[in-house]
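The values are calculated or read from the model by the stated rules, or taken from the named source; none is laboratory data. Bear in mind that the values here come from a model prediction, so they are computed numbers and not experimental data. Heads up, the Cβs are rebuilt from the backbone with ideal geometry, glycines too, and the neighbour counts pull from every protein chain shown. Ligands, DNA and RNA are excluded from the accessible area calculation, which covers all protein heavy atoms including side chains. Shrake-Rupley method; radii C 1.70, N 1.55, O 1.52, S 1.80 Å.
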Amino acid sequence: MKSQLQQIILPLWQSTRDLLPIIIVIAFFQLVVLQKPIPNMGQLLVGTGLVVLGLSLFVKGLEIGLFPIGESMAYAFARKGSVTWLLIFAFSLGFGTTIAEPALIAVADKAAEVAAIGHVIADTDVARSSYASGLRLTVAFSVGLAIVIGVLRILKGWPIHYLIIGGYMGVVIMTFFAPKEIIGIAYDSGGVTTSTITVPLVTALGVGLASSIKGRNPMLDGFGLIAFASLTPMIFVMGYGMLI
């Protein structure tokens, strides 16, 4: 009974501890700098409690579900010995998790709305929906390709720094040629792809794959997939902006 109680209390305490710096900063600037009382204190306390509970459940869900399944599937594909199926799985995982990423959906919808206001696209529901869908598909495809490159890097033992340096050189070069309206969206797309859904599964895939291959160090080779997932969307979204 005591052990079960600790399993419940510990995640809640860890989430509260993680959120405490944010609470302190907001309270300090509201009470000391602005010198105004905190509005809707009751709602804020309830909301903070729900955030703590949600964050605790989310982290526990990662530990119980997403991390184990990502690692176990990486082991299974490594034992199967089929590089083709492994790469297909890597692409599908990157594409599927990104297309469902809530942060990307929000950014794509907002980008379509602003593009319509700025007369970049027609101010109609169809045009906005098409623009947002195209942006999401472009980012999802780029992340899928990024995970494939990352898996190949683990399999072949390629140095990660050469790939990252080359990729960011491509980003800098494309920035000079891409329409200025798409550059900010492209840079933000690189960040929103590495969020709540993509990161756990992709990280688990990399660590599991590196652990299952002889001669690979999970600490050295298992990480780095997220870096590719952040890099390629910037290149592809700027290319998407050039095309449309």
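Cross-link partners of LYS80 among lysines, defined as those whose alpha carbon lies under 19 angstrom from its own and excluding same-chain residues fewer than eight positions apart: LYS156, LYS214.
Listed by chain and number, the lysines whose C-alpha is less than 28 Å from the C-alpha of LYS60, apart from same-chain residues fewer than 8 away, are LYS2. Per-atom-type breakdown for the stretch 106-244 gives carbon and sulfur 69% of the accessible area (1.4 Å probe, protein chains only). Pick out which of PRO179, PRO37, PRO200 has the largest mean-square fluctuation in a Gaussian network model of the chain, springs linking Cα atoms closer than 10 Å. Of the options given, PRO37 has the highest mean-square fluctuation.
Taken one residue at a time, the phi angles of the stretch 171-184 give Karplus couplings (6.51, -1.76, 1.60, θ = phi - 60°) of 4, 5, 5, 5, 4, 6, 10, 6, x, 4, 5, 9, 5, x Hz. Gly and Pro are set to x.
When the dipole is taken about the Cα centre of the chain, and only Lys, Arg (+1) and Asp, Glu (-1) are charged at their Cβ, what size is it in debye, to the nearest 20? List each step's numbers first, then the result.
On the way: 14 positive and 11 negative charges, 147 e Å.
For this selection, approximately 700 debye.
Roughly how many whole Å is it from the C-alpha centroid of the stretch 112-147 to that of the stretch 205-236? Rounded to whole Å, the Cα centres lie 28 Å apart.
Summing Cβ point charges (Lys, Arg +1; Asp, Glu -1) relative to the Cα centre of the stretch 150-244 gives a dipole of roughly 340 debye.
Could you give the dipole magnitude of the stretch 1-125 about its Cα centre, charging the beta-carbon of Lys and Arg +1 and that of Asp and Glu -1, in debye to the nearest 20? Each step should come with its number before you reach the end.
On the way: 7 positive and 8 negative charges, 124 e Å.
Magnitude of the dipole: close to 600 debye.
How would the stretch 1-142 be classified by its alpha-carbon gyration tensor: rounded, prolate or oblate, with rounded meaning a/c under 1.5 and the a/b versus b/c comparison settling the rest?
Values: a/c = 3.35, a/b = 1.12, b/c = 2.99.
Judged from the Cα gyration tensor, the stretch 1-142 comes out oblate (a/c at least 1.5, b/c at or above a/b).
The residue among VAL59, SER82, GLY191 whose Cα reaches farthest toward the positive pole of the charge dipole of the chain, with charges on the beta-carbon of Lys, Arg, Asp and Glu, is SER82.
State the percentage of accessible surface on the stretch 42-101 attributable to carbon and sulfur atoms; use a 1.4 Å probe and exclude ligands, DNA and RNA.
Values: 2670 of 3540 Å².
Carbon and sulfur atoms account for 76 percent of the accessible area of the stretch 42-101.
Calculate the length of the line joining the C-alpha centroid of the stretch 37-103 to that of the stretch 8-36, in whole Å. Their Cα centres are 24 Å away from one another. Entry comment: accessible area of the chain is 57 Å² per residue, from protein heavy atoms only and a probe of 1.4 Å.
Along the positive direction of the dipole of the chain (beta-carbon charges: Lys, Arg +1; Asp, Glu -1; about the Cα centre), which of GLY224, GLY144, ILE165 reaches farthest? Checking the options against the dipole of the chain, the answer is GLY224. For a straight C-alpha distance cut-off of 20 angstrom, the lysines reachable from LYS180 (same-chain residues fewer than eight places away being disregarded) are LYS110. The string of couplings for the stretch 188-193 from the Karplus curve (6.51, -1.76, 1.60, θ = phi - 60°) is 5, 4, x, x, 6, 6 Hz, one whole number per residue in order, with x for Gly and Pro.
Using a 10 Å cut-off on Cβ atoms, rank the peptides 218-231, 143-156 from the highest mean neighbour count down.
Values: 218-231: 20.0, 143-156: 22.4.
Taking the mean over residues of other Cβ atoms within 10 Å, the ranking is 143-156, 218-231.
How high is the relative contact order of the chain, in percent, with contacts defined as C-alpha pairs under 8 Å that are six or more residues apart?
Relative contact order of the chain: 25 percent.
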